1. Is there a residue being touching a residue at least 24 places away in the same chain (Cβ under 8 Å), touching a Phe, Trp or Tyr at 6+ places or on another chain (Cβ under 8 Å), surrounded by 13 or more Cβ atoms within 10 Å (Cβ to Cβ) and not hydroxyl-bearing (S, T, Y) anywhere in segment 11-24?
2. So which pairs qualify, if the first residue must be in segment 48-76 and farther than 17 Å from P102 by Cα, the second must be of a type in the set (K, R) and part of a helix (DSSP H, G or I), the Cβ gap must be under 9 Å, and the two must be at least 6 apart or on different chains?
3. Name the residue that is surrounded by the most Cβ atoms within 10 Å (Cβ to Cβ), counting only residues in segment 25-52 that are under 26 Å from the mean Cα position of the chain (by Cα) and β-branched (V, I, T).
4. Which one of these does T100 not meet: (1) more than 17 Å from F30 (Cβ to Cβ); (2) among the β-branched types (V, I, T); (3) in a helix (DSSP H, G or I)?
5. How many residues does segment 237-286 contain that are over 24 Å from E199 (Cβ atoms) and either polar (S, T, N, Q) or touching a Cys at 6+ places or on another chain (Cβ under 7 Å) (or both)?
6. If you go through segment 51-71 one residue at a time, how many are in contact with a helix residue (DSSP H, G or I) (Cβ under 7 Å, 6 or more places away or on another chain) and within 13 Å of M108 (Cβ to Cβ)?
7. Please work out which one of (1) closer than 22 Å to L94 by Cα; (2) of a type outside the set (S, T, Y); (3) modelled with pLDDT of 95 or more is the condition H33 fails and give its number.
8. Listed residues K212, K245; which is under 30 Å from I28 (Cβ atoms) and over 21 Å from the mean Cα position of the chain (by Cα)?
Amino acid sequence: MKTHEFLSDWLNAQEFLLERSTFEAYKIYFGRHLIPYFEKLDIDLKDLKPRMIQDYINEKLKSGRLDGKNGGLSEVSVRKHFSVLKQALNDAVLQGEMNTNPALFAKMRRRKSTLTERTVLLTADEARKVVQAFEGHPLFPAVVMTLYYGLRRSEILGIKWSAIDFDKNTFTICHTVVKNTTIVCKDSTKTQASRATYELLPEVREMLLDLKAKAPPESEYICVWDDGRLMRPDYLTRGFQRVLKRNKLPVMRFHDLRHSTASILFERGWSLEDVKNWLRHTDIETTSNIYLHYGRCRKILISHDLEGMLVNK
């Protein structure tokens, strides 16, 4: 059996074993990248070597983009390809199609922080300006709650009115809305640690009560249009960018609001462990990466503040 044939069969077998959103992500990894690459290689599964897996990793990092632009895929993307390929080849070993999994002997370079120099970490003052820019806009509740609670895009879109308890003054993250190929609404979160209950801050409570009073009777979610339709994840991304541009605010991803929550908490003196728990990171390393990036930004501000201090004027 050819490698690409096995990968195609393995992918098809996963459709009823995985959540819809996960399967759609796998279809992208295999359909656009893994299967075409190994089909071109035209190698029998039993003859697949670690070097060939390594060549795939290196090529995708160097020149793996398929959007017509130069350059490779991000390290995060290639790491995902590598992970699912290892899963598939593990099954090939269990099925007796090969003796050992060659992917176990290939390597990804040591994981780097997902934050880059382009990551925007807002200060509290800058966050207030962003919030002001969205006043009266349909995305206002999403921006406010994301900045206060460090929510992910899937989490803010997934908040239902049933998850908000005005009597107990709490809301619970227990439902998400995600999109790969199609939009999937599910009663689960990214990780078990992501499921959490927060206290409603006074300003958030007031905002939600006002939103509830204006919401269509059939509205199930808080992030909806006037007719009760759920906002699409891709609209949240594009609409957010348009408002920033219109108000001449720094270009940033919606996810940078979550990072900014962390940096603002660091700025206010909260510890790594406190911030980790507030943002529901599964490990302290993720929180540390944000802290290190925040520290670099603060050094730049300090250097600007010191500029010219010892020069006679």
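The values are calculated or read from the model by the stated rules, or taken from the named source; none is laboratory data. Nothing here was measured: the structure is a model prediction, and the numbers come from that model. We place every Cβ from the backbone using ideal geometry, glycine too, and count neighbours over all the protein chains shown.
1. yes
2. Pairs that qualify, where the first residue is farther than 17 Å from P102 by Cα and the partner is of a type in the set (K, R) and part of a helix (DSSP H, G or I), are L66/R32; G71/K62; G72/K60; G72/K62; L73/K60.
3. The initial filter retains those residues of segment 25-52 that are under 26 Å from the mean Cα position of the chain (by Cα), namely 25-35.
Those left that are additionally β-branched (V, I, T): 28, 35.
On the way: I28: 15, I35: 19.
The selected residue is I35.
4. So the condition that T100 fails would be (3).
5. Of the residues in segment 237-286, 3 are over 24 Å from E199 (Cβ atoms) and either polar (S, T, N, Q) or touching a Cys at 6+ places or on another chain (Cβ under 7 Å) (or both).
6. The total comes to 5.
7. Of (1) closer than 22 Å to L94 by Cα; (2) of a type outside the set (S, T, Y); (3) modelled with pLDDT of 95 or more, only one is false for H33: (1).
8. On the way: K212 fails: under 30 Å from I28 (Cβ atoms).
The match here is K245.
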